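These notes concern the structure reproduced below.
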């Protein structure tokens, strides 16, 4: 079921039309709800008649099942309660209420996006949805991706819609991405170097492939500084998107966190319809075993404990990368170090379908070199030792593991020392 909140004014027309089009296209029932103030009980009969009249028009024009309900109280509170009790799949509201009630309805979309357990669509334009419901052109959907769980929830939701032209867009901070991938300076501040852009498109494609999206999306990586919502709103205008979709973490711990959220700002800045999808935990399932694991070592006994653990986690057909970081490549025998790394490869790795790669990296900051290498090879997991009793050890100090944990986008497995030693 789709729930549409309306204040029975012309300002709610886009929301009603969008909700009806979605109900028709997805073969769902529609519930029209209007909320009166506590001091408007005398208007209830008139509201019920007007609401039923609108419902009748929608039944005839769209061939859908439409229910109506009139409630009293705060609009956002009542809509949330009804949505929860009826277990609706989508909430649709207009961007603003009528001028006479704007002080009550203008912030309703914000509060709904902040608290609703169902996705909330803030409607501004309905023509594209109406044409779509009649079998016309596909809806142009732009989904902003942060490569995380909230964006994944949004992609799974909208990716199941039929007949959409979907673009998944990632806004990348040039300095941060060049640093993460270890690209040698100078670092451009206003664009992405070709090799960085290519890497990010590959990352975005891998992320999309991990979702249950049925559509075949176009991938877009755009450089940007500052607020992501501003870039997404501008990108939606540039691409003439009909719908901007954003995953929402619903930061309810403190209101000031919500005030700075991407979803909240996008509602105001975008000129098109905006869909906010709240992130919800999914049922627990067994994750796939990693196919690419990175293992750093400084050749101490402690560091060497990580490699066997990593090999035991690796999926058949996967690759394990053994790394050693030095301050100056010109000051070491790289060939000998690589041979030493190869000596840590189990003799039965090949027969078990496991591949191994070795690399000697140059870097004054070990954790940074490891992090950058793992990003470049699309590692699924980093496995490393946690503490060393050797004060001279460079890779397995607690601070190195802590730095990796702070920056890594993939799981990190920490192997403790042998307590009997």
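The values are calculated or read from the model by the stated rules, or taken from the named source; none is laboratory data. From a predicted model like this one, the values you see are computed outputs, not experimental measurements. Virtual Cβ from ideal backbone geometry, glycine too; neighbours counted across all protein chains shown.
Summary of computed values
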| read-out | value |
| --- | --- |
| Top-ranked residue in the range 388-406 [being modelled with pLDDT of 65 or more and surrounded by fewer than 17 Cβ atoms within 10 Å (Cβ to Cβ); ranked as nearest to residue 298 (Cα to Cα)] | 399 |
| Selection from the range 151-163 of residues that are surrounded by fewer than 22 Cβ atoms within 10 Å (Cβ to Cβ) and touching a helix residue (DSSP H, G or I) at 6+ places or on another chain (Cβ under 8 Å) | 161, 162, 163 |
| Listing of helices (runs of 4 or more DSSP H) fully contained in the range 303-387 that carry 3 or more residues being within 29 Å of the chain's Cα centre (by Cα) and surrounded by 18 or more Cβ atoms within 10 Å (Cβ to Cβ) | 366-376 |
| The range 290-302, subset in contact with a strand residue (DSSP E or B) (Cβ under 9 Å, 6 or more places away or on another chain) and part of a loop (DSSP other than H, G, I, E, B), residue nearest to residue 373 (Cα to Cα) | 297 |
| Unmet criterion (only one of (1) over 30 Å from residue 146 (Cα atoms); (2) within 33 Å of the chain's Cα centre (by Cα); (3) modelled with pLDDT of 90 or more) for residue 416 | (3) |
